[in-house]
Amino acid sequence: MDERLSKSASAPLFLRALAGETTARPPVWLMRQAGRYLAEYRAIRDEAGSFLDLCYTPKLATEVTLQPIRRFGFDAAILFSDILVIPHGLGQKLEFREGEGPVLEPIEDDAGLGRLKRDGCLDRLAPVFETVGRIREALPEEVPLIGFCGAPWTVATYMVAGRGTPDQAPARLWAYRDAEGFARLIDLLVEVSAEYLIAQIEAGAQAVQIFDSWAGSLPEDAFRRWSLAPNREIVRRVKAAHPQVPVIGFPRAAGPLYEAFVEETGVDAVACDTTLPVDWIRDRLQPKAAVQGNLDPLLLVAGGRAMEERVREIVAVLGAGPFIFNLGHGIVPQTPPEHVARLVEIIRDCEA
Ligand code: CP3
């Protein structure tokens, strides 16, 4: 266990697991635990007008962060925001369209890079830091607050394509055709993302997660250059400023490259996607970091015996080491809230 992170027995379960401790039952939180599957979220979302307005209105963003904590009693809260506020803070036009997801003005070359405004980026994101402070004040002491950002590669895939894509082809093509030009975008994102996480920590976040949702679209050498290395550099910068704050990495769908990611980035914990076999996670990842995951979000939609058996299997295999229960990717909107309540109940019952 990392001494700098070691936690007393009275510390929240989530922070103890992140410090490398095996806890009596796993702490549980879910990626995208605030969102459209909750009626109370949809009501606030309507009140805010647009999704971005919701992200930038501290009072409302605080409220939707707290909703799932009140309803389900999760062991950690996650800041309500989005990974795409970074490109927006850099001056890239961004809109979330109903049923379509994010739409940005694509950046395809040096001229596009030149339009980004590095200066003042963090100032434009000041409402996010105000939200973090408000959430921390409103949360019960025993519920830690997670801050987050997108990893440079994943954020870049949206910046370059101007939208979500099935295969991230526009960013991959730029990276292959003009690695030097693409590196300027990635380097910029490393800088602002590290500053952004540090500002969240200084506003009250007690752990941070870096979402590299599209890490799995890169072959090994490109993965090392565009996913692993930028994640490592962000971890280094965050740790230089705040060595005691745990960092969770999430190189989704990276398969066997998860192992190098954990060994080489210095993350305290790794969020595992649904495809990683639990025995493999236990044998190859858990000796090196705390692990988080990895229930299929669609098993949470299905509920019933299929869900319950899988939850117990995951806890049986991973619960013998430092472990945080979560999904392997975010909650989907059609998830019945009763299934989430049942999931939390099963995990709480794990305590012997
Ligand atoms: O986890 C949480 O509860 C905190 C909030 C959070 C959101 N997005 C809110 C959100 C977090 C951590 C994210 C991360 C995020 N955003 C990722 C990485 C994780 C992942 O899911 O892979 C990515 C790739 C994005 C980009 C993004 N944001 C897309 C592609 C979309 C459209 C798809 C969709 O689900 O609508 C969003 C919108 C978004 N971000 C919503 C929420 C609650 C839904 C918007 C709405 O309410 O209309």
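The values are calculated or read from the model by the stated rules, or taken from the named source; none is laboratory data. No experiment lies behind these values; they were computed from the predicted model shown. Neighbour counts run over all protein chains shown; Cβ positions are idealised from the backbone, glycine included. Side chains are part of the model used for accessible areas, which takes the heavy atoms of the whole protein and leaves out ligands, DNA and RNA. Shrake-Rupley method; radii C 1.70, N 1.55, O 1.52, S 1.80 Å.
Taking the Cα atoms only, what angle lies between the long axis of helix 337-349 and the longest principal axis of the chain, rounded to 10 degrees?
50 degrees
Compute the signed sum of charges (Lys and Arg +1, Asp and Glu -1) over the other residues within less than 12 Å, Cβ to Cβ, of Ala39.
+2
Out of every Cα pair in the chain, what percent are spaced more than 24 Å from each other?
It works out to 54 percent of all Cα pairs.
What net charge do the residues around Cys121 carry, taking every other residue with its C-beta under 11 Å from that of Cys121, with Lys and Arg at +1 and Asp and Glu at -1?
-1
Straight-line reach from Lys7: which lysines have Cα under 25 Å away, leaving out those fewer than 8 places along the same chain?
Excluding near neighbours in sequence, the set is Lys239, Lys288.
R0 = 51 Å: FRET efficiency of Lys93 with Arg312, Cβ-based, nearest 0.05?
Efficiency computed from Cβ-Cβ geometry: 0.60.
Cα centroids of the stretch 312-352 and the stretch 52-66: how far apart, whole angstrom?
Centre-to-centre distance over Cα atoms comes out at 26 Å.
Note the angle between two axes, namely the Cα long axis of helix 304-318 and the longest principal axis of the Cα atoms of the chain, as a number of degrees from 0 to 90, rounded to the nearest 10.
In the chain, helix 304-318 runs at an angle near 90 degrees to the longest axis.
With a cap of 11 neighbouring Cβ atoms within 10 Å, and only residues DSSP puts in a loop, list the GluC sites (Glu not before Pro) found in the stretch 18-127.
Glu98, Glu100
Please work out the Cα center distance from the stretch 69-129 to the stretch 22-48, rounded to the nearest Å.
Computed from Cα coordinates, the inter-centre distance equals 19 Å.
Over the chain, average the accessible area per residue using a 1.4 Å probe and give it in Å², no decimals.
Ligands and nucleic acids excluded, the figure is 40 Å² per residue.
Give the lysines reachable from Lys117 as a straight Cα distance under 19 Å; neighbours fewer than 8 places away on the same chain don't count.
Excluding near neighbours in sequence, the set is Lys93.
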